[in-house]
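Colleague: First the structure, then my questions, so here it is.
The values are calculated or read from the model by the stated rules, or taken from the named source; none is laboratory data. Note that the structure is a prediction, hence the values are computed from the model and not measured. Heads up, the Cβs are rebuilt from the backbone with ideal geometry, glycines too, and the neighbour counts pull from every protein chain shown.
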């Protein structure tokens, strides 16, 4: 948005109003899907500080998961995490800080075809997984955790019989695109997505227009 328009918006709409309605305004993104094929071995893990450990998350980790999502925005934990923990199709992998039990990084693997990815025209086969939604808590950034978790997720996929892995990246995230290409992914397709954060909507625009009230765990 041009700077002069931002100034006009700030004058016409108080900050409290912008913050209350902002999450319910639609945003549109070009999202690229990438595919990594030929996954046939575990990959060497980049080193991280020994105070960290990586493991799956479960219901016992709910307090740590809630805390980790505080910096992601209002209601993000409530909208995203409980449905994933209840689903057999989602696996959460986290970096834990052994000094205090906090989660430093959380990422997810989708192990079966689900409505979310099928709306993009993709139906996961038994040998295909989707890796999604990696997030590093701000105070733990720049310590190599993202790089480590990219490989941890691929290794999890391999250990669970996946030979192909999909990932989705916003086209504007040039750093993310460069990273996945460096990890051996190749471009698969692009889609226009509508996102309404306050309603937990993140769907391909044509699927949304066809059935805007469909509930999707994403």
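Colleague: Being modelled with pLDDT of 95 or more, exposed (fewer than 11 other Cβ atoms within 10 Å of the Cβ) and out of contact with any helix residue (DSSP H, G or I) (no Cβ under 8 Å at 6 or more places or on another chain): is that true of residue 60 here?
Modeller: So residue 60 passes the test.
Colleague: Determine which single condition residue 137 fails, assuming it passes every other condition in (1) in contact with a helix residue (DSSP H, G or I) (Cβ under 8 Å, 6 or more places away or on another chain); (2) in contact (Cβ under 8 Å) with a residue 60 or more places away in the chain; (3) under 16 Å from residue 33 (Cβ atoms); (4) buried (at least 20 other Cβ atoms within 10 Å of the Cβ).
Modeller: For residue 137, the exception is condition (3).
Colleague: Then there is this: Sort out which residues of the range 150-194 are surrounded by fewer than 16 Cβ atoms within 10 Å (Cβ to Cβ), touching a residue at least 24 places away in the same chain (Cβ under 8 Å), in a helix (DSSP H, G or I) and within 16 Å of the chain's Cα centre (by Cα), and write them in order of number.
Modeller: Scanning the range 150-194 gives a single hit, 151.
Colleague: Right, residue 79: modelled with pLDDT of 95 or more and surrounded by 13 or more Cβ atoms within 10 Å (Cβ to Cβ) or not?
Modeller: no
Colleague: Could you grab me the full set of residues in the range 107-125 that are more than 15 Å from residue 168 (Cβ to Cβ) and loosely packed, with under 13 Cβ neighbours inside 10 Å?
Modeller: Within the range 107-125, 123, 125 meet the criteria.
Colleague: Scan the range 99-106 and give yes if some residue there is out of contact with any strand residue (DSSP E or B) (no Cβ under 6 Å at 6 or more places or on another chain) and either surrounded by 17 or more Cβ atoms within 10 Å (Cβ to Cβ) or under 24 Å from residue 30 (Cα atoms) (or both), otherwise no.
Modeller: Yes, the range 99-106 has at least one match.
Colleague: Could you please find all residues in the range 31-46 being closer than 18 Å to residue 179 by Cβ and part of a loop (DSSP other than H, G, I, E, B)?
Modeller: 37, 39, 43, 44, 45, 46
Colleague: Let me ask you something else. Wholly within the range 64-137, which strands (runs of 3 or more DSSP E) include no fewer than the required count, namely at least 3 residues that are more than 12 Å from the chain's Cα centre (by Cα)?
Modeller: 90-97, 102-110
Colleague: On the given criteria, is residue 46 within 22 Å of residue 164 (Cα to Cα), touching a helix residue (DSSP H, G or I) at 6+ places or on another chain (Cβ under 7 Å) and in contact (Cβ under 8 Å) with a residue 60 or more places away in the chain?
Modeller: The answer is yes for residue 46.
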